[in-house]
Amino acid sequence: MGAILSGLAACAILVGAARAQDGGQVGEVIVEIVDNEFGVGGVARGASWAGIRLRISDASSTARELLVRLSGRDPDGDTPWFEQVVAGGGEREAWTYLKIPTDLSQQEMLQVTVFEAIATEDGERAYRPGRFLARVLVSPRVVVPISDGLIGVLNSRGSFGLTQYSLPSNQGSYSPLANERTEVVSQLSAEQLPDRWMGLSAFEALVWGDADPSALGTERPRAIIEWIERGGHLIVVLPEFSQIWTDARANPLYSVLPRVSVLPVSSGYDADRLIPLFDYERRTRTLEIRDPSVVVRELAPDPRAGEGEAITLLEDPDGRVLVARRIVGQGMVTLIGINLNARGFLKYGLPRAEAFWNRILGRRGRFASVSELNDPTTSIGRLRAMSRLREERWYDDDVGALIATSGRAAAALTLAFVTFAVYWALAGPLGYAILKRLGQERHAWVAFVGTAGVFTAIAWSGAYVLRPKKISARHVSIIDHVYGQDVDRAITWMSLLVPYYGEATVRVGEDDPGRFHNVVSPWMARKATVRGGRFPDVRGYRIDARDPDRITFPARSTVKQLEVIWAGEPLRDWRMPRPMLGDQGQGVGASGEPALTLDERGFVRGVLRHDLPGDLTDVVVIGVRRQASVGARLGGNLIVSARAAKRLRWAPGEEWDLSAIEASAWEPLSQTLDALVPEPRGVLATGEEMLFGTVEQRMLAMSLFHMLETPRFGENSAASATIPRRWQTHAWDLSRWLTQPCVIVIGHLADDAPAPTPMGFGASARAIPTSGRTLVRWVYPLAGDPPGWVEDEGDG
């Protein structure tokens, strides 16, 4: 009978969960998820932020406000409540946001609860939950592996060939002929985009086709622009009728487009000459240019455009600009003047990712269609058949070890062990032996009690001395600066030591979100799986779902691991590298101002200085000259001509004359990057992982992840290679900068450096003492230098 009752109870729970998935209510409120929008397009990835689109129906006839709470998980077993307040009465849709647990599965259900919102006098928390009104359980439709990238496509007629990035290997979730697999979320509409940048933060790029930008409303454009300023890449493919994009009044994204004039080319334009740009194998001989939907437009730079506002990326053989770019903060907007929705492109499966999109996105490697990969008679099909299981190497997995605060605990354990050992010896055999030698055995009990008292005092005194008394944090950070832009960005992972019990508050950035909505959230390691709790008193704590710039969490006189993401105006105390005039007049640009340039060999010329709070070590300077010629068969080679040089240490205030770097010190960037991908060691045991190189090498590889070496295939030999992996730094890849001329400097601040992220602790927002490692990355954009075209079809 007990088994039967248990089974019935389990069935009831399952039925209840299934109903709640569709919508749950108590009385007058119904809440449900809209069109499976758990993540953009119903796609989510662990360890990333995501938005959930809810529909809330309130039958109440009185005006009131509702508190919507989404319950997440953190590694301590506590429950972060991602909350927001919405107006009640009637039906409305609302986006709410959360940091997804690292180990989220497609089967896991998260709870959304709705309460009456009760106003409070607490400035930190203007509302508290009142009467319970409704509950719903939600789960993602698709959860991609944490190692996969994400690209969104807003287009009703396919994905412009981008799905070639999403095809997996037979042996695992990685690209068959390249490295990282990218999930392409296609056929999105403007209405499906979230209204906060956090909902887009998992995406490396958005490719916009025939979707109507005027349907964005008011909040979504702000979210998209903030996502771009924080490092996102918006790519606009001009449709057949492009007037909406050139209308400043109708297009809410007009202000971030490249400053170009969109000009039609002559009716007799031979679009077939562009085929090498889309397919360097020349499989397709015609785009059927008589089809009126094949529209090519010239993107003529506006002569009034400022630096970085109209960069020429690609031209046709006659010098007409086909692809232009604008730098916006830490990100960029790329405009493509060719209607890739034309029937000729769709018919022949163009453009091919490796020929065209690698040049736009900044990627490396070979990519193919499903039919080619599955056809053993083609060269690509044969290569795929050669591919073996690849060994994983994780390049952004150092955070946990680097922020660990084990030193004080180790000292305490050592003291305890030594104290007990000496106490045991003196209170036991050694003490008795000494008394016996002195003929004082009758005082053994007195000596024992005295020894116990002395060592008790020592133990308590040691515990008091070693007990932390001030807040402190151990961190790993990344800070990025693009020269000429008014936005810096940073991310900090930290172990924050709070030396008391109760509650603790951390905030990031300014009190008023204003232009940027900064983020602080609990951090969970890649292999952390928490279903119970580390502590017996697990509790819930509140995070504002729409403005998560502060967090108040349970404090237990131990550490809390947090992730902080910040963007804002450049920090005064972090004066990044900048061009200077040298003592002998070197480093002068065409305008007479300090500048960096590249000579005909690709060597960087000019003088740099920084005033950061410490020496930069293991510095790498990269000069990116131009892309390889259009039509060149690149295979697994880099798409750009670039060189790199290294320096061990660069002190603050020191002027570095890059012109003085010897020619022999400049090596091809491919040589630098290929050294960061090790040869496979052999078959690893189940669950075994192996790090490669130093922390500095792994951080450099993580910074240019899409440009790492891809598998090398011999004509008759199978390819056994490593597979580079990452799980929390997809949005921090600088590879897109290798599609245009620029100078990149990457270096490290020492282990005792403060965190660059502006953070405050407690109600007074006092500064948090931090120490740790900071990766500094600086980009200096140069004028556009589009590649030429391979004239001979057999060349390349």
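The values are calculated or read from the model by the stated rules, or taken from the named source; none is laboratory data. Being a predicted model, the structure only gives us computed values, none of them experimental. Glycine also receives a Cβ, built like all others from the backbone with ideal geometry; neighbour counts cover every protein chain displayed. With ligands, DNA and RNA removed, areas are computed over all heavy atoms of the protein, side chains included. Shrake-Rupley method; radii C 1.70, N 1.55, O 1.52, S 1.80 Å.
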Only one residue in LEU234, LEU200, LEU206 is open to solvent by less than 40 Å² (accessible area, probe 1.4 Å), under 18 Å from the mean Cα position of the chain (by Cα) and without any contact (Cβ under 8 Å) to a residue 60 or more places away in the chain, so which one is that? LEU206
Condition check: in a loop (DSSP other than H, G, I, E, B), of a type outside the set (A, V, I, L, M), touching a residue at least 24 places away in the same chain (Cβ under 8 Å) and closer than 30 Å to GLU392 by Cβ. Does GLN187 satisfy that? no
Starting from residues that are part of a loop (DSSP other than H, G, I, E, B) and open to solvent by 10 Å² or more (accessible area, probe 1.4 Å), keep the ones in segment 243-256 and report whichever is nearest to TRP208 (Cα to Cα). PRO252
Residue among GLY88, GLY39, GLY77 that is of a type in the set (Gly, Ala, Ser) and under 22 Å from the mean Cα position of the chain (by Cα): GLY39
Picked from segment 664-681 (must be within 20 Å of VAL695 (Cβ to Cβ) and not basic (Lys, Arg)), the residue modelled with the lowest pLDDT is PRO678
Over segment 514-528, the set of residues under 19 Å from ARG220 (Cβ atoms) and open to solvent by 40 Å² or more (accessible area, probe 1.4 Å) is GLY514, ARG515
Can you report the number of residues in segment 468-491 which are within 19 Å of ALA765 (Cα to Cα), open to solvent by 10 Å² or more (accessible area, probe 1.4 Å) and under 20 Å from the mean Cα position of the chain (by Cα)? 0
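Would you kindly identify the strands (runs of 3 or more DSSP E) lying entirely within segment 296-346 that contain at least 1 residues that are free of Cβ contacts under 8 Å to residues at least 60 places away in the same chain and surrounded by fewer than 24 Cβ atoms within 10 Å (Cβ to Cβ)? Show your work before the answer.
On the way: elements: 297-301, 311-315, 321-328, 331-336.
So the answer is 297-301, 321-328.
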Quick check on ALA223: is it in contact with a Lys or Arg (Cβ under 9 Å, 6 or more places away or on another chain) and either free of Cβ contacts under 8 Å to residues at least 12 places away in the same chain or assigned to a helix (DSSP H, G or I) (or both)? yes
How many of the residues in segment 544-587 are farther than 26 Å from ARG777 by Cα and in contact with a helix residue (DSSP H, G or I) (Cβ under 6 Å, 6 or more places away or on another chain)? 0
Would you kindly identify the strands (runs of 3 or more DSSP E) lying entirely within segment 728-794 that contain at least 3 residues that are open to solvent by 10 Å² or more (accessible area, probe 1.4 Å) and modelled with pLDDT of 95 or more? 770-781
Taking segment 81-105 and keeping only residues that are in contact with a Pro (Cβ under 8 Å, 6 or more places away or on another chain) and more than 25 Å from VAL538 (Cβ to Cβ), one is left with TRP95
Residues being modelled with pLDDT under 70 and open to solvent by less than 80 Å² (accessible area, probe 1.4 Å): count how many of those fall in segment 429-442. 2
